[in-house]
Structures are given as C-alpha cells and as structure tokens.
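Here is the structure we will look at, set down as structure tokens.
The values are calculated or read from the model by the stated rules, or taken from the named source; none is laboratory data. The structure presented is a predicted model; accordingly, all values stated were derived computationally and were not measured. Cβ atoms come from the backbone with ideal geometry, glycine included; neighbour counts cover every protein chain shown. These accessible areas exclude ligands, DNA and RNA; they are computed on the full protein's heavy atoms, side chains included. Shrake-Rupley method; radii C 1.70, N 1.55, O 1.52, S 1.80 Å.
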Amino acid sequence: MLVRLQRSGGLAGFTVRSEVDSAQLAPADRAHLERLLGAADLSSTPPPTRGADRFQYDLEVERGGRVQRTTAFDGALPPGLQPLIDWLAARRAGGPPR
Amino acid sequence: MARCVGACFIVPPFVLERVIRDGTPEQREWALATLLDDHSIRAQRIHNALVLRDRGRARQPLSPAPGGHPKRTIYDAHQQQDAEASDVVRREGQPAVGDKAVNQAYDGLGSTYQFYWDVFHRNSIDDQGLPLDGVVHYGDHYDNAFWNGARMVFGDGDGYTLLQTTAAIDVIGHELTHGVTEHTANLTYLGQSGALNESVSDVFGSMVKQFALGQTSEQADWLIGEGIVGPALHGKALRSMAAPGTAFEGDPQPAEMRHYVHTVSDNGGVHINSGIPNHAFYLVARELGGRSWDHAGPVWYDTLRDPGLRSNATFHDFAQVTVRAAQHRFGSGPVSNAVRDAWNQVGVTVP
Ligand SMILES: [Zn+2]
C-alpha cells in the first residue's frame, strides 16, 4: 500500500509532499498507519471553508492497483483525517518544501 | 513626465463622494459644488455617489459610525488549532504586553486600519467599523497565517520554512485585506479569480508596509513576507512583486501570462499565478513613481469596489476594470496609459 499526501496553499503557497510505502514500514508502524486510515473518513469531503490561505490536502491511498483520492481543506477536514495528516507530516524527512 | 494626477485634487474625489453620501445638507452642497467644479470628474461618478447615498438612506436610517479608530482584540490560542480562541490578551487601547507576537499583531492590524482610513477613508474591513480580531500562537509550530472569514489568525511558524508570522506587517495587511475583498469584489478563491484575490492581498499588504515606512515605489522592496522565511527556503521572502519567481529557491511564481501555471493544487494555483497581477501592479507603481498609494493604489481600490467586477473575474476582466477605473479617477492620460501598458507587459492584453 502506498499513501501519498500533498499539502499546498497556505499563505506561503508552496507544496510539500510525503509518501509512505507500507511494505517498508516496521510492523508496528504499519499497524498504526492502518488504524489511522481506518479512523479517517475518506469518503466524506466537506466543502472548503470560508476565508483564505487555508492549506489544501490531497491524499492518495493506493492498494492493489486501486487508488482512492480525497481533497480536503484545513479548517474543514473530514473526521479522523487530522491524526493521519500529522503522522504523515512527521515522517517527512525534513527535506526542502518542494 | 507631465501629469495631473493626485495633485489636481485638494480633497480627493472619493472623500467628496463620501461627504455627498454621508454628510449634512450643507456639507453635501459644498462637496457637490467642489466635484462639479473639477472638470476631471465625470457626472457618472457623482451619479454613483448619489445613488449610493439614497440606497444607503433607504436601507439604514442611521449614519455609520464616524470611524478613524480601530477596535482591536488579540486572542491567544495557546498553540491549539483553535481560531475561536477566547483568551483575550490585549484589547484596544491597552498598553503593550510581554508577548512580542501579541504586540506585533496589535500594531500590524492598527497600521493596516490606519492605511485604509487615511488613504481611502475606509472604516475597517466592512467600511462600517468592523472590530478587528486577531489570533496569535495558533497551532503547534504552525507554518501559516490565514483569514477564516471573521478573524486574522497567525501561527508561530515551524522555524524551518516559516518563522513567527506576525513579524511581517505586509502579511498582517495581506490577511486583513482578504476581509476587505470578501466585503467588496468577493473574488472566488479558485483559479484566476482566486489568484486575483491573492494578488489584491499582496498589493495592499505591500502598500501597508510602504505607507508605514513612508517609502516611495523606488525605495520599496516589493517583497511579501520579508523577515518571516526560515532557513530551509533559502530566500529573502515568500514572494517578489518586482521579480516574481525569485523570492526563494524554487519559487514557482510566473510574472507573465505565457508562464501561467495550470494546476489543481492550491485552489488552482492562487498563490502561484498571483505573480502575474502582482507584477502588473508593481509596473504601474514604478512607471508612475512616487508613492504607490497616490495613483496605482486608488485605481486598484476602485476596481475592487466596482460593481462591474464579477466574483469570477478573469485577469482580463480585472485588467479592463482597472483601465476604466484609472480613466474615471484620473482621466485619460499617464495613469490609465501606465495601467494599460503594465497589463500588456505581463501578457494580459487590454485595448
Ligand atoms: Zn492570502
């Protein structure tokens, strides 16, 4: 399973990406990722919030050739998505934001 | 360059129009006479002022608050992602506190209010004296600042890409201007209209900084977010209006229409393609010289309030209204020519 997260927008407007291949994860991490994915409601997409400069999140989950895509906006994230975003962001290797 | 721009008016026409709208019968008569006396003001504008005045009268019998003073409240979110934070740390008129971010937000919102009041006689975000609510310390190492439709919200930055976001006065002006846009042209935050919304925030944010520093167009740095970029960006700012695409390593902003970026990220590249209208404004201000808020600024402000500017405006729509606005305010001449030339230079063709 591949999980890709892209964050774009925000005041600065630059894009940051993270990608996790579950095959490369330690068993405990893999189980944790599955729990986070199970808890996130990826089928619901609340409309963008009012205002401006909110982050846009584009999430892709690829399993067995099937890809599920979700777009969500900071301030109006689907239930359970924030912990998944935080976990993926924390795993970003601290490279430049491009 | 011989031009009869702002210096033609002892009292700017928009102030006169406001007097016509809101003044006593005596003040109104004086303002009308002054306006009619000035051949460069068209009957159209007087007509508009009168229509607005009567519309305002019919809708609200009470005249709006006199204005001239902000009503600021700064809240502390204590590192929580809570834009509705209720912990008030500084109210209007209270002295500085020990927290630098609080004071920067308070001062920056004050400078932005003052800019809109002194230059455009605009009384806050809604021109009705809306209180200014700022939230600081939003989120944990949160590398963003935003307008949530009611409040201006500032993160402390991650220290890596972005530093404390209240440290840049133009960023505070940028966020407050999102509120002004929402209450005027209400440009849809998607694609070209979204990039115009972003650009308007950069344009007025930059003018807020120039106004506070008393800088001319030549002296200004035309940067957005100078002083809040972290070491990972390898740059001097978030955006450059003078040279879009050069603010930091990998800055994706185009300066011209032929490099327009088509993307589904960032609401359709609103922070990317804003480089094009940003550069157009810069070119106008530099061509005319002097203070950006004397000629270029009023043209952009009139455009934002023009009823002919639709929420889903394209760059081309916006450009056309700026040329018309320049002609209305300053007559056909150096200002409207500079506006038209600037758009043509960035590849937005206006006849
Ligand atoms: Zn913005």
Take the conditions within 15 Å of the ligand (Cβ to nearest atom) and either open to solvent by 10 Å² or more (accessible area, probe 1.4 Å) or of a type in the set (Phe, Trp, Tyr) (or both) and apply them to B:Asn144. Does it pass? no
Mind listing just one residue for me: the one in region B:305-325 that is within 17 Å of the chain's Cα centre (by Cα) and more than 12 Å from B:Leu196 (Cβ to Cβ) and, of those, surrounded by the most Cβ atoms within 10 Å (Cβ to Cβ)? B:Ala325
Have a look at B:Thr161, B:Thr165 and point out the one that is of a type in the set (S, T, N, Q), within 16 Å of the ligand (Cβ to nearest atom) and open to solvent by less than 30 Å² (accessible area, probe 1.4 Å). B:Thr165
Can you tell me which of (1) more than 13 Å from the ligand (Cβ to nearest atom); (2) touching a residue at least 60 places away in the same chain (Cβ under 8 Å); (3) more than 14 Å from A:Phe14 (Cβ to Cβ); (4) within 14 Å of chain A (Cβ to nearest Cβ) is the one B:Glu226 doesn't meet? (2)
Where a residue in region B:192-205 is away from chain A (no Cβ under 12 Å) and its partner, wherever it lies, is open to solvent by 10 Å² or more (accessible area, probe 1.4 Å) and near the ligand (Cβ under 9 Å from one of its atoms), with Cβ under 7 Å and at least six apart: none
Single residue of A:Arg54, A:Arg91, A:Arg4 found to be more than 14 Å from chain B (Cβ to nearest Cβ) and either in contact (Cβ under 8 Å) with a residue 40 or more places away in the chain or touching a Lys or Arg at 6+ places or on another chain (Cβ under 6 Å) (or both): A:Arg91
Of the residues that sit in region B:272-304 and are within 16 Å of the ligand (Cβ to nearest atom) and farther than 19 Å from B:Asp221 by Cα, which one is most open to solvent (accessible area, probe 1.4 Å)? B:Ile272
Which of the residues that make up region B:169-185 are more than 12 Å from the ligand (Cβ to nearest atom) and either modelled with pLDDT under 95 or under 16 Å from B:Asp221 (Cβ atoms) (or both)? B:Ile169
